[in-house]
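One structure is given below, encoded as structure tokens.
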Amino acid sequence: MQSKNYSVIYRLMHWAIAFCMLALLFTIFLRLTWMNKNNVAEIIKNYLATTNQTLTDDQMILLAKKIRKPMWNWHIYFGYALVGLYSLRMALPFFGEMKFTNPFQTSFSAKQKFQYGLYVVFYVCVAISLITGLIIELGPKDLKGQMEEIHELSIYYLLGFIVLHLGGVIMAELGSEQGLVSRIISGKQKNI
């Protein structure tokens with residue numbers, strides 16, 4: 001198999017998109033764990049137990065949401081950045097950069113068809129995530145609940161894709177495409 005070289009634009013886009021997606025996952029992780037509204041409300045409740053102050057459970061949840069709001073704003077900011085990067089990624093093939101490969105080419109092996117087909121599914125899922133996220137933030141409020149349900153499913157395809165992507169990179173690096181990691185970082189084949 002012939003080694004693929006990656007242009008500066010390709011590498012910058014790859015790493016910028018990867019960084020945004022990891023940042024989005026990090027904010028989701030925080031929201032589901034340490035910054036979960038119930039966890040934060042419990043911290044507030046425990047603190048108030050040491051003072052002469054009281055709040056209702058609803059007030060503590062509301063306060064917890066306000067406390068974690070600045071952190072969650074980063075999810076929104078990285079989402080907007082990803083919208084821009086995704087739009088640029090979709091436009092680049094028209095300028096001769098980062099062309100899409102048709103996974104249904106008959107000359108491809110089953111592995112190549114799977115690999116390129118997976119990228120098609122990935123880009124469709126990213127589009128759905130970005131569109132639903134934009135509707136949640138900017139669209140009509142009556143659609144917010146439905147869009148949140150769809151948007152929250154994003155974590156599953158994203159985690160699945162990351163596992164498959166890293167697994168594929170490791171297999172390629174240990175197999176027929178040695179130097180793949182070096183090429184996606186520096187653009188040059190590492191001499192072995």
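Of GLU148, GLU97, all but one fail to be outside any loop (DSSP other than H, G, I, E, B) and among the charged types (D, E, K, R); the exception is GLU148. Examine region 82-96 for a residue that is touching a Ser or Thr at 6+ places or on another chain (Cβ under 8 Å) and aliphatic (A, V, I, L, M), and state whether such a residue exists. So far as region 82-96 goes, no, none of its residues is touching a Ser or Thr at 6+ places or on another chain (Cβ under 8 Å) and aliphatic (A, V, I, L, M). Filter region 134-173 for residues that are closer than 22 Å to TYR77 by Cβ and either in contact with a strand residue (DSSP E or B) (Cβ under 9 Å, 6 or more places away or on another chain) or of a type in the set (Ser, Thr, Tyr) (or both); which is modelled with the highest pLDDT? The residue in question is TYR157.
Looking across ILE128, ILE67, ILE76, ILE61, one residue alone is surrounded by 12 or more Cβ atoms within 10 Å (Cβ to Cβ), touching a residue at least 60 places away in the same chain (Cβ under 8 Å) and assigned to a helix (DSSP H, G or I). It is ILE76.
Within region 174-192, being assigned to a helix (DSSP H, G or I) and modelled with pLDDT under 90 holds for LEU180, VAL181, SER182, ARG183, ILE184, ILE185, SER186. Does region 171-181 hold any residues that are over 16 Å from PHE114 (Cβ atoms) and within 23 Å of the chain's Cα centre (by Cα), and which are they? Listed by number, the residues that qualify are LEU180, VAL181. Note on region 131-153: among residues that are surrounded by 15 or more Cβ atoms within 10 Å (Cβ to Cβ) and touching a residue at least 40 places away in the same chain (Cβ under 8 Å), the one that is nearest to LEU25 (Cα to Cα) is GLY133. Residue check: ASN52 meets all listed conditions (1) part of a helix (DSSP H, G or I); (2) free of Cβ contacts under 8 Å to residues at least 60 places away in the same chain but one, namely (1).
The values are calculated or read from the model by the stated rules, or taken from the named source; none is laboratory data. This one's a predicted model, so the numbers in the text were calculated from it and none came from an experiment. Here Cβ is always computed from backbone atoms with ideal geometry, including for glycine, and neighbour counts include all displayed protein chains.
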